[in-house]
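Working notes for the structure below.
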Amino acid sequence: MEKYTASVWPRLEPFLIGVIPAAPPSKFSMHYLRKMACYVRSRDGCFPRLGWHMWRHIACGKLQLAEEIAWLYFETFDLLMPHTSERRLEWAEALSQCQTPKELERQRGKLSVDTLQFLLFLYLQQLNRISLRTSLIGEEWPSSRSPSSSSERETKMSSQNKNWDDQAHLAFIQTHLSELLELLLEPGQLSSSGQIQRDSQLTPEALESLSLLLEGSVSSSRNVYPIHKLLSRTPLQSPAGFSKLSRTYSLQQFEGFLRQALCLNPFGISSFPQSGKKLAWALQVEGILKKAKIFRNTHLAPLGSRLVLLSQVCKQTLAKDSEKLNNANVKLHRCSDAFIYLLSPLRSVTLDKCRNSTVVLGPVETSVHIQSCENVRVVCVAGRLNLGASFQCTIHALTPTRPLLLPGNMSLTLGPFHTHYPTLEDHMASVGLAVVPNLWDQPLLFGAEGSAPDKSCFRIQPPSEFNPLVIPFQMKGDNCEIPWALPADYQKAVESREQTVQEWQKTVKDAHLNKDQRRQFQALVEQKFHEWLLETGQRQELDSLLPPTLTSSTSVDHWPSSHTSNSALHPLKDQSPEQAVGQTPTVC
């Protein structure tokens, strides 16, 4: 008979979405969290659910956090929870109706979280903690390079950001498992000196809270279960230390069971070379797209573990609208001189070390994180926006939370969301994102502990520089304009520019040019226009929109066609062959 065994691994999303990608406050150490664990069990209104007002009292009064930072962690934890889209929309509507700070505070007071899971979540923030050794020998030590060096910012950020690193997730759980389990114990399970007693027991409720971090499967089954449901199977209960009499788990035996069962997440990014699908696209030009890779595991991964990786996409326009992307966690890595359109409802998106590119995203349910990027334009509707160690990036966003500006940023520009596509509103509704509240212009600066944040790292885009973005593809759907009003100053700037164009057209018409004059004038305008395209870099984007030639003999396996959805993408306009000098697009 086949032995009934279990494999247990760290869940991806608590690390990917839940961990703020920066060094945590020093008082998130085990010393203070142990005190908090005892405190919340001894106070009314703190256990088993912890409300905002009590967390604010603990965070501001005992952990010495600023109130806005306390709300950041509380809100981030709630963002991680699997709420329905209807619930998220109802919450957004309630917040949008708050007219005063007092009303907003009253509404926030209605939010509560699972106390034990929140303790685990706070402990998890240590994932990106900078060790003393790193601070002594790493990039934090004074360097002879310029402080504004992009490579220095990149190295510093990369050294502490492990949100996508599934091997780091496993190492973290293995290293800190004893302390994580200690946070779940009832105060009576500890000695007077705070030490764990040998006969300590874990309750089923504590085990259920641990399902925030761990999941697994049995034997060779493909079904994935949270840890508490996995251990509901009778053959696994005895090895895990379950007592039928007390209905609890022996802490010592349970920890030993977990240490034997823990393994690398089979759906993590490390598994892509073995189990991920490698995808290619048409007309890969030798030398330019030779290193480009797209992997996905959406064909086999459960919800919460669906990943798509786009790496080293260079000098290419890539457009995608497909169910293959729905609810996926997407990472764009080292893309450069690219135009990328991912027009599907997404779970989370990370841009890492991208350069000189434009990225337009469908609604992102949780977070868009931009790290170590340079001269990148991102257009998104997202639950949260994080930026760290990035330079000269422009973000056009609609977000119900304050954009989080992490250390290391320089010359960022924040502007209002300024585009649309036909299924945008439907996609927003499916992930629970509403038009209001919209806090795109109210960033929260998250500085290194003990130092003042750099308020000069960003600016709000002046209306005079604002231009709506047109997505250059035809799609099926109902939306034909931005489905909400632009801020008044920006709307006025757009109308003023349109008025200027109308006046110019009238001036040309009133000039009564003859045929030769019109020809000369047209040639001059086209010449100046092409010069402008070259100077601004817009020429590359227009050239890349040319469809592949019918005579091409290139044959590759394509990313599954967007025709699997109701909104197939097609280039908006054709261009003459004389205008083509760049790479052809992939509308896949």
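Before moving on, here are some points about what is shown:
- Using every pair of distinct Cα positions in region 390-474, the Kirkwood expression returns a hydrodynamic radius of 14.6 angstrom.
- Remark: region 67-80, residue by residue, has Karplus-estimated 3J(HN,Hα) of 4, 5, 6, 4, 5, 4, 5, 5, 5, 5, 4, 5, 5, 6 Hz, where x stands for each Gly or Pro and the curve is 6.51 cos²θ - 1.76 cosθ + 1.60 at θ = phi - 60°.
- Classified by the C-alpha gyration tensor, region 452-512 has an oblate form. Its axis ratio a/c, with a ≥ b ≥ c, is 1.5 or above, and a/b does not exceed b/c.
- Per-residue accessible area (protein heavy atoms, 1.4 Å probe) orders His333, His396 as His333, His396, starting from the largest.
- The stretch between His31 and Asn223, if pulled fully straight at 0.36 nm per residue, gains 65.4 nm over its current Cα-Cα span.
- For region 174-238, pairs of C-alpha atoms spaced more than 21 angstrom apart make up 34 percent of the total.
- Between Cys98 and Leu533, full extension at 0.36 nm per residue minus the direct alpha carbon distance yields a gain of 152.1 nm.
- Alpha-carbon centroids, region 443-488 and region 187-244: separation in whole Å: 45
- Rounded to whole Hz, the Karplus (6.51, -1.76, 1.60) HN-Hα couplings of region 314-326, x for glycine and proline: 10, 6, 8, 9, 10, 10, 8, 9, 7, 5, 4, 8, 4
- At most 11 other Cβ within 10 Å, DSSP loop - GluC sites (Glu not before Pro), region 1-69: Glu2
- Cα-based shape type of region 326-405, given that a ≥ b ≥ c are square roots of the gyration tensor eigenvalues and the cut on a/c is 1.5: oblate
- Distant-in-sequence amide contacts of Arg11, defined by a placed amide H-H separation under 5 Å and a gap of 5 or more residues or a different chain, comprise Leu214, Glu215.
- Phi-derived couplings, Karplus 6.51 cos²θ - 1.76 cosθ + 1.60 at θ = phi - 60°, listed residue by residue for region 23-29: 4, x, x, 4, 7, 8, 6 Hz, with x used for Gly and Pro.
- Cα shape, region 1-50, gyration tensor, a/c 1.5 rule: oblate
- Amide H contacts under 5 Å for Val364, placed H, 5+ residues apart: Leu346, Val381, Ala382, Gly383
- Relative packing of 14-20, 534-540, which averages over residues the other C-beta atoms within 10 Å, highest first: 14-20, 534-540
- Beta bridge orientation in region 292-358: antiparallel %, DSSP, nearest 5: 20
- Translational diffusion coefficient of region 493-539 (Stokes-Einstein, Kirkwood radius from Cα pairs, 37 °C, 0.692 mPa s): 267 µm²/s.
The values are calculated or read from the model by the stated rules, or taken from the named source; none is laboratory data. The structure displayed is predicted, hence computed values, not measured ones. Here Cβ is always computed from backbone atoms with ideal geometry, including for glycine, and neighbour counts include all displayed protein chains. Side chains are part of the model used for accessible areas, which takes the heavy atoms of the whole protein and leaves out ligands, DNA and RNA. Shrake-Rupley method; radii C 1.70, N 1.55, O 1.52, S 1.80 Å.
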